[in-house]
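The values are calculated or read from the model by the stated rules, or taken from the named source; none is laboratory data. A quick note: this is a predicted structure, and the numbers were derived from the prediction, not measured. Please note: Cβ atoms are built from the backbone with ideal geometry, for glycine as well, and neighbour counts cover all protein chains shown. SASA here: full protein model, heavy atoms, side chains in, ligands and nucleic acids out. Shrake-Rupley method; radii C 1.70, N 1.55, O 1.52, S 1.80 Å.
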Amino acid sequence: MARGHALLTGALGGLGTAMTVAISEAGIPIIAADRRAEDFEPWRAELPPVARDNVSFFPLDVTKEEAVTELAAALKSRDIKISYLVNNAGIQGAAKPWEMDTKTWQRVMRVNIDGTFYLTRAFSEAMVKDGFGRIVNLASMYAYTPGRGQGPYAAGKAAITGYTRSTALDLAAHGVTVNAIAPGFIWHQRLAEVFPGNAEPTFDEVPMKRSGKPEEIAATVAFLLSEGAGYITGQTIHVNGGLYLPG
């Protein structure tokens, strides 16, 4: 039985949609948070009934500290307890080191690591007082083996892994687990948009010879939120088809 609601950032589209479905199937009501308020109703209409009837929406720009504070206050005023937090919002910004502009660097870092920090700070204290909580952060394989031109993305995702380990130690004695997921190459619509003709490339370098599915990341999230994952904390779970094998 769910202890409270799950708050999922970056909920609309891509990995967020699959996570919404998986978390709903686990019986956890969801607060979907995303900047694109105008897209919520069309997105919700496409969800299967188990998720469609289980999700509420709050607009949120994770880079704005005051917006996160206001969201926490709004949820508290409605007696909505956040027992599960999934920091999924993230963006990329690619360029050669000498061509990387400051605005792109700062935007990527603000979304990927600052947003994770703001949300964790806003909701972890209540989890501690309740004696239960699950926090899942989205890192990336690029935190360990980055692609060329991905300086801010690799740095931000590496920061998430360090922040995950540190906050796990801070919260472990209070029944709150903190873990990260490091996806490999996961094929979804936002990624498809950067390929010519939305054509999925071949993946000969991946031992499993295919890309990952959003549902495979979502299933990992759902597990880490579960009661069965109660003794797992401070870990980064790699989901990459064998492309990167940590020692």
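In plain terms, the chain from Lys103 to Asp204 could stretch by 32.9 nm, reckoned as 0.36 nm per residue minus the Cα-Cα distance.
Summing Cβ point charges (Lys, Arg +1; Asp, Glu -1) relative to the Cα centre of the stretch 1-121 gives a dipole of roughly 280 debye.
In this view, the solvent-accessible surface of His5, computed with a 1.4 Å probe and all protein chains in place, comes to about 50 Å². Among the chymotrypsin sites (Phe, Trp or Tyr not before Pro) in the stretch 11-115, those located in a DSSP loop and surrounded by at most 13 other Cβ atoms within 10 Å of their own Cβ are Trp98.
Solvent-accessible area of Arg121, all protein chains in place: 110 Å² (probe radius 1.4 Å, heavy atoms, ligands and nucleic acids excluded). Rolling a 1.4 Å probe over the heavy atoms of the protein chains gives the stretch 4-88 an accessible area of 42 Å² per residue. Heavy-atom accessible area, probed at 1.4 angstrom with all protein chains present, ranks Met141, Met100 as Met100, Met141, highest first.
Distance from the alpha carbon centroid of the stretch 10-56 to that of the stretch 124-166 works out to 22 angstrom. Contact order for the chain, expressed relative to its length and based on alpha carbon pairs under 8 Å spaced 6+ residues apart, stands at 20 percent. Within the set (i) 0.95; (ii) 1.06; (iii) 1.03, the number that Rg/Rh (Cα atoms, Kirkwood Rh) takes when calculated for this structure is listed as (i). Comparing Glu46, Glu65, Glu25 in a Gaussian network model of the chain (Cα springs below 10 Å), the most mobile by mean-square fluctuation is Glu46. Computed from Cα atoms, the angle from the helix 151-171 axis to the main principal axis of the chain rounds to 30 degrees.
Among the protein heavy atoms, those of Leu224 account for about 0 Å² of accessible surface (1.4 Å probe, every chain in place). A Förster distance of 22 Å, applied to the separation of the beta-carbon atoms of Lys213 and Arg52, puts the FRET efficiency at 0.60.
For the chain, the mean residue ellipticity at 222 nm estimated from helices alone is -11500 deg cm²/dmol, where every DSSP H run of n ≥ 4 contributes -39500 (n - 2.57) and the total is divided by all residues, rounded to the nearest 500.
For the chain, the longest principal axis of the alpha carbon atoms and the long axis of helix 15-25 meet at an angle near 40°.
Within the P(r) computed for the stretch 49-135, what percentage of the Cα pairs occupies the region above 22 Å? List each step's numbers first, then the result.
On the way: 1418 of 3741 pairs.
Percentage above 22 Å: 38.
In whole percents, the pair-distance distribution calculated for the stretch 93-226 from its alpha-carbon pairs, binned every 10 Å from zero, is 11, 34, 34, 17, 4, 0.
Under the simplified labelling scheme, the Tyr231-His174 pair shows an inter-label distance of 2.4 nm, with each label point 7 Å from Cα along Cα→Cβ. Between Glu66, Glu99, Glu216, the residue with the greatest mean-square fluctuation in the GNM of the chain (Cα pairs under 10 Å linked by springs) is Glu99. Positive end of the charge dipole of the chain (Lys, Arg +1 and Asp, Glu -1 on Cβ, about the Cα centre): tell me which of Phe57, Ala219, Gly131 has its Cα farthest that way. Checked the options; the winner is Gly131.
Surface listing: Asp79, Asp34, Asp170 arranged by accessible area from highest to lowest gives Asp79, Asp170, Asp34, probe 1.4 Å.
Against the chain, whose longest principal axis is taken from its Cα atoms, helix 65-77 shows a tilt of about 30°. Computed over the chain with a Gaussian network model linking Cα atoms closer than 10 Å, the most mobile of Thr69, Thr177, Thr236 is Thr69. For the chain, the Cβ-based charge dipole about the Cα centre amounts to some 360 debye (Lys, Arg positive; Asp, Glu negative; other atoms uncharged).
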